[in-house]
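The values are calculated or read from the model by the stated rules, or taken from the named source; none is laboratory data. Small disclaimer: the values here were computed from a predicted structure and weren't measured. Positions of Cβ are backbone-derived with ideal geometry, glycine not excepted, and every protein chain shown enters the neighbour counts. Surface areas here come from the heavy atoms of the whole protein model, side chains and all, with no ligands, DNA or RNA. Shrake-Rupley method; radii C 1.70, N 1.55, O 1.52, S 1.80 Å.
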Number of protein chains: 4
Amino acid sequence: MRDARFASDNAAGVHPEVMAAIVEANDGAALAYGADPWTARAEVAIRRVLDAPEAGVWLVPSGTGANVLALRAVTGRIDGVLCADTAHLHRSETGAPELTAGVKLLTVPAVDGRLTPRAVRAAIPPRDGDHAVRPAVLSITQATEWGTVYTPAEVAALAEVAHAHGMLLHVDGARLANAAVALDTSLAALTTHAGVDLVSLGGTKNGALAAEAVVFLRPGLGKGAGRHRKQITQLVSKMRFVGAQLSALYAGDLWWRCAAHANHQAQALSRAVVAVSGVRLALPVSTNAVFVELPVDLCAPLAEHFAFELWDPARRIARWMTAWDTTEGDIRQLVGTMRALRGEVDDEE
Amino acid sequence: MRDARFASDNAAGVHPEVMAAIVEANDGAALAYGADPWTARAEVAIRRVLDAPEAGVWLVPSGTGANVLALRAVTGRIDGVLCADTAHLHRSETGAPELTAGVKLLTVPAVDGRLTPRAVRAAIPPRDGDHAVRPAVLSITQATEWGTVYTPAEVAALAEVAHAHGMLLHVDGARLANAAVALDTSLAALTTHAGVDLVSLGGTKNGALAAEAVVFLRPGLGKGAGRHRKQITQLVSKMRFVGAQLSALYAGDLWWRCAAHANHQAQALSRAVVAVSGVRLALPVSTNAVFVELPVDLCAPLAEHFAFELWDPARRIARWMTAWDTTEGDIRQLVGTMRALRGEVDDEE
Amino acid sequence: MRDARFASDNAAGVHPEVMAAIVEANDGAALAYGADPWTARAEVAIRRVLDAPEAGVWLVPSGTGANVLALRAVTGRIDGVLCADTAHLHRSETGAPELTAGVKLLTVPAVDGRLTPRAVRAAIPPRDGDHAVRPAVLSITQATEWGTVYTPAEVAALAEVAHAHGMLLHVDGARLANAAVALDTSLAALTTHAGVDLVSLGGTKNGALAAEAVVFLRPGLGKGAGRHRKQITQLVSKMRFVGAQLSALYAGDLWWRCAAHANHQAQALSRAVVAVSGVRLALPVSTNAVFVELPVDLCAPLAEHFAFELWDPARRIARWMTAWDTTEGDIRQLVGTMRALRGEVDDEE
Amino acid sequence: MRDARFASDNAAGVHPEVMAAIVEANDGAALAYGADPWTARAEVAIRRVLDAPEAGVWLVPSGTGANVLALRAVTGRIDGVLCADTAHLHRSETGAPELTAGVKLLTVPAVDGRLTPRAVRAAIPPRDGDHAVRPAVLSITQATEWGTVYTPAEVAALAEVAHAHGMLLHVDGARLANAAVALDTSLAALTTHAGVDLVSLGGTKNGALAAEAVVFLRPGLGKGAGRHRKQITQLVSKMRFVGAQLSALYAGDLWWRCAAHANHQAQALSRAVVAVSGVRLALPVSTNAVFVELPVDLCAPLAEHFAFELWDPARRIARWMTAWDTTEGDIRQLVGTMRALRGEVDDEE
């Protein structure tokens, strides 16, 4: 079996503090479907960390589920959603936005996963009577699928464009923590304070077992979200265990520590890997994703040892993800394997 | 906060052996989305316990998710699904079968939650050209929402009716274990051996944290189920933890022990409760559900102490569920509270 | 080929005045999609005949299309629609309400196609948190599928129940004209004045070629209906020809004359048919539907000559529909064929 | 009211021969929903003109309806459809492919509305496990939205690419007749003989009132299409009038005559318009669409007189459509108006 360590940040296990919270929540009977204290505590923690005391918070077990719930709860059946052509929404959710959320996606050309106000404006379809969907949401990913980030000012600029055109701004924040760490800023600065309207707030990729949250930051948004959550199959019965996970992450600084570790190791990996002959970074590392262009004769052999996604097969760009648990030894093994495959002597060993 | 102990079997926590399995699975990196050994082990265990070596097994975190995946993967957009008018599918899933699975439900009058071949036959719409959906699946719940069961022979008779009319037989088995224990038979006898085509196999209500499985028993069924699972938001990234739960339940006899305990305590509760004046069983207890008709002046006061569902408000029929963790003390407290509210002296104390 | 004359009121052709209007509208170029004078005139006529000067009127070519548009434009994805278990919506639209409109139908037991406030109240699901859809619309058929009618007072009573429970009242009025004639009242009395919120107003069954209208009677309803109409494929490009049809019907009294003729001939047919031995009316004739219980040895032979629907196969209840073009000769032929098949001498001939 | 003559080919009326066929079909009773001789005759004519004796033919009133029925009947819920980024499917159907047909669209960059095998191949997503829809259909428009055409050889090349990747080839043929005339070839040469699997065959834009057909050319395709047609609201009850229209067009050479006239007048218009100062063709005219780049000071004033679509607002490219009824006088008026607005003397008058 191929080594899973850099395949994705969801190849990592559960952070010990999160696991301890799960075990601790296993204490007798508790009302199902979220009417329990752990869920309540998670909601409080999330509202606080986003500086959004009135926000509606809905816990779910899946990131795609979070995105679908977020979009579905704020749109009607004749609405569209603008997103990057690289967005997880568009490329990696098997049509769930269209078929389960029930919206048409309209893609915007992205550079390194990022959208600009100009690109968004250009992609808004002309007022076309009844022959086109109405763009109701602009969705961005933070950190993006290419590991890049939007600064608070950039998010605010996109919020302004969105609002000027009658759209809400949604952030797919499966890796929002990694972006905050990279920018050395708060989660609130990247969302509530920047004019974001709703967020899919990640947990699983940052040390949880299966826990995400949809957060409606603007009052009045997300009416009926509870029924939507059930209808799209995202209502977990023993919700307390989801609540416990998110509480563990967000009531204190665990979310930061996990993301900071992951980002730090991505930098370490990026420094180590460029020493391998013929390997170069496809773009600078901002968060916990390392994209490298592999030499033609290394790609296939390396894939026999380590699992990874070939992000751009034509250019042989591989994606490696670090996580809260990535060790220096992990990095040494990956780089060492590469050097061995290249016939290089590993000086460090 | 009201006492949750009898509100539902999903008010119970996680069985210690299941929790231990979750903790044990937290061991380094593992490929996401089910390409891990724990998932593989769960699949093997489930195929074995259902005596279906060729079955397709798909793990999901939610029972509604299991039903939606099961129905969606075997139907087209112009198909219908017959189910009891009391079915969870119809009454408790917020339209997920119609809106997320994409099938029209056609309800069949049930008695105590159970369907008969005669009732099913009468509910099949006449061949109506292109003006009606084609019933493609008959779905039954085992144990039913009223806690009743179908014997293997009764399941086989329904399978025969279903197949004779070009339908598959689906079993919503969120409490299949409880039915097997009640009938002192195997899970295979209630499914594979009885002609069932596909099953939503429960875990969460029987000691797991969030783990169910869709099992396609008939070869060739469920093509594309993996994509359907992703599209309906039921693909968990850190799947190993779902696999660990179901492996813990089904690789040995834990599923039987949990269900046997719950059923046993339901019998105990049913015996204890009829001693309270004015209280009577609404129907005999078969599995882990106890339905009681409450005196008019007991219903509201009791609801201040214990959470429960009023299954039939007109007749004041309350539903109490026992679980793998229900203790004699729990039963004593519920019955004691009732006696106290009725002004009766509790002889036992 | 079997005689189609009583198979349905849509077996009839197009009334000459409607056809003349179609031909007259074929006059040079006109903007498509409804921006033409014929459409505008139809809208004015319909608002007037319903006494609803502010109503939103949307023309469509199909009755099922009208129902789907009506329901879709006033509901969200987590809403339900209450309707009779005999409703066209539920039995004859191949799941379009669920799969194309995107709502869950909740059926109410009907007597002779009619609902009562009591039956509606009993069918409203209990407030069930997030586990059930919210009934957002009560839909009745006028005249019903059994040819029966609701008086204005009965409609008003159902409107009151609907509104008291947060529902809109929708009338599937494919045969509203026949009901108005039967009750000797106006279309407005059966809709706007009785508290109805939205109507599918028929045309095709009453002399048109393919023309229906969705009318949102209450101001503010039906936002985005134009986009919904396009999305569900009900936006006709050369809309002027739909407008011409409905203008022909509703700008004057053609709608009344057509329906009055059809109703009158249904009475004539019902009187003639009971003279055939062994044949009896299944229920009194109110509009243009005649339901007869056929003797066991007449049913199949008659069906070789005349096409008709067996509404209740068990009781051999056949449905015959009269239309704007039914002649006395048509009736004589049907009855004569029956008598001949029964071996009776036809005294009239 | 602005002049509608060049706004679209659906601004034209109904060809007299088609209208005569409609009037002729209004002859007594006929079974509804397509069980009539006119529908049968249309099916025969369409099979013949496409040289596809076994084809399944389904009549509908709307072009978007035809596309939705075609795609829905050959796909499952986890399938995708590749189409040009300029496709009517993607830009002008308000999300009907996604929300009513139930497929995810994947767009391919087009040049002048046309796709190449290379562009299609590049747009096929990598085999991405369960995280992406499976492209099941490649849909092209013939003639395209830019009025361009694919030769039979080009269609065959796209069919080859489609089939090599497990896709069917669908042709949105709302203007297929115009393409056949432009290429001086048969409808069969552009479809059946070129490996096309299914076609939306136009009628309305080519002289009909409201009539299109979905044709499944490959045996076995389109199972359940009748139920799909009803469910998406495209089953017309008085189908004989749709049958009469398509029979009038396709039983003889009327389809050719109408399209030939329209194409011829587009050439005439293109020649006349370039004489206006500052006006130039945006691309050569192939069929019945004329795209012109307007001078900055002509665009708005002209739009006060003539209705047209601004296809590319940035470049002020207007689209004018000719139809079966466009006269030389129509062209003179349009060009004359332009010259007058430009302050030019009209020599011809």
Filtered trypsin sites (Lys or Arg not before Pro), the range A:107-143: DSSP coil and at most 12 other beta carbons within 10 Å: A:Arg127
Nm distances between copies for D:Glu328, ranked from closest, using label points 7 Å along Cα→Cβ: 5.9, 9.0, 10.8
Value of D in µm² per second that Stokes-Einstein yields for the range A:221-319, Kirkwood Rh from Cα pairs, at 25 °C (0.890 mPa s): 145
Helix-only mean residue ellipticity at 222 nm for chain B, each DSSP H run of n ≥ 4 adding -39500 (n - 2.57), per residue, nearest 500: -11000 deg cm²/dmol
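Take the cross-link list C:Lys104/D:Lys205; B:Lys238/C:Lys223; C:Lys238/D:Lys104 and give me the ones stretching past 31 Å between alpha-carbons.
C:Lys104/D:Lys205; B:Lys238/C:Lys223
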Accessible area per residue in Å² at 1.4 Å probe, computed on the range C:307-349: 51
Between helix B:37-49 and chain B: long-axis angle, C-alpha atoms, 0 to 90°, nearest 10: 80
Threshold 50 Å², the range D:210-247 residues less accessible with all protein chains present than alone (1.4 Å probe): D:Arg227, D:Lys230, D:Gln231, D:Thr233, D:Lys238
Accessible surface buried once C binds B (1.4 Å probe; total of both sides; Å²): 1500
Unit charges on C-beta of K, R, D, E only; dipole of chain B, Debye: 1100
For the range C:53-106, Kirkwood radius (reciprocal of mean inverse C-alpha pair distance, Å): 11.6
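Of all alpha-carbon pairs in the range D:226-274, indicate the percentage at a distance above 18 angstrom.
Working: 674 of 1176 pairs.
When all Cα pairs of the range D:226-274 are counted, 57 percent exceed 18 Å.
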Spatial separation of Cα centroids for the range A:142-200 and the range B:196-252, in angstrom: 35
Rounded tilt (10° steps) of C:240-250 against the dominant C-alpha axis of chain C: 70
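Based on the Cβ-Cβ distance of A:Asp184 and B:Ser186, what FRET efficiency does E = 1/(1 + (r/R0)^6) give at R0 = 41 Å, to the nearest 0.05?
About 0.10, to the nearest 0.05.
Please report, as a whole percent, how much of the solvent-accessible surface of the range B:79-168 comes from carbon and sulfur atoms (probe radius 1.4 Å).
Ligands and nucleic acids excluded, carbon and sulfur reach 53 percent.
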In nm, spacing of pseudo-spin labels at D:Ala153 and B:Lys223 (7 Å Cα→C-beta vector): 3.6
Of A:Glu304, A:Glu54, A:Glu154, the one that fluctuates the most in a GNM where chain A has Cα springs shorter than 10 Å: A:Glu304
Test item: Cα-centred dipole of the protein assembly as shown, Lys/Arg +1 and Asp/Glu -1 on Cβ, debye: 0
Net charge, A:Val103 excluded, C-beta distance under 11 Å - Lys, Arg +1, Asp, Glu -1: +2
1.4 Å probe, heavy atoms, protein only - residues of the range C:87-112 losing at least 50 Å² accessible area vs chain alone: C:Thr94, C:Glu98, C:Leu99, C:Thr100, C:Lys104
Length-normalised contact order of chain A in % [C-alpha pairs under 8 Å, at least 6 apart]: 25
Sequence ranges A:264-273, B:190-199, ranked by mean other-Cβ count within 10 angstrom, highest first: B:190-199, A:264-273
Stokes-Einstein D in µm²/s, Kirkwood radius over Cα pairs - the range B:162-248 at 4 °C with 1.567 mPa s viscosity: 91
Value of relative contact order over the range C:263-348, rounded to a whole percent, pairs C-alpha under 8 Å and six or more apart: 31
Cβ-based charge dipole, the range D:73-203, positive-most Cα from D:Thr94, D:Pro126, D:Ile78: D:Pro126
Cut-off 13 Å, label 7 Å out along Cα→Cβ of D:Ala164, residues of the range D:119-153 by amide N: D:119-124
Copy-to-copy label separations for A:Gly252, where each label sits 7 Å from Cα toward Cβ, in nm and ascending: 3.3, 8.6, 8.8
Cα-Cα pairs of the protein assembly as shown separated by more than 43 Å (percent): 49
Area of C:Thr116 that stays accessible when all protein chains are in place (1.4 Å probe, Å², to 10): 60
If the convex hull is drawn through the Cα atoms of the range C:92-162, its volume per residue in Å³: 100
For chain B, the spread of Cα positions along each principal axis, largest first, Å: 62, 57, 33
Under the Debye formula (equal points on every Cα, no solvent term), log10 I(q)/I(0) of the range A:1-143 at q = 0.09 Å⁻¹: -0.41
Between the range B:270-349 and the range D:29-77, the Cα center-to-center distance that results, in Å: 62
Scattering profile of the range D:1-53 at q = 0.14, 0.19, 0.25 Å⁻¹ [log10 I(q)/I(0), Debye over alpha-carbon scatterers]: -0.60, -0.85, -1.00
Average accessible surface area per residue within the range D:1-85, 1.4 Å rolling probe, Å²: 31
Charged-residue dipole, Cβ positions (Lys, Arg, Asp, Glu), the range C:123-201 about Cα centre, Debye nearest 20: 60
Square roots of 5 times each gyration tensor eigenvalue, C-alpha, the range A:281-325, largest first, Å: 18, 13, 7
0 to 90° range, to nearest 10: angle between helix D:16-25 axis and chain D longest Cα axis: 40
Low-density loop positions, trypsin sites (Lys or Arg not before Pro), the range D:281-349 - DSSP coil, at most 12 other Cβ in 10 Å: D:Arg315
Accessible area per residue in Å² at 1.4 Å probe, computed on the range C:166-281: 25
Beta bridge orientation in the protein assembly as shown: antiparallel %, DSSP, nearest 5: 50
Cut-off 10 Å between beta-carbons: net charge of the residues surrounding C:Leu209, Lys and Arg +1, Asp and Glu -1: +2
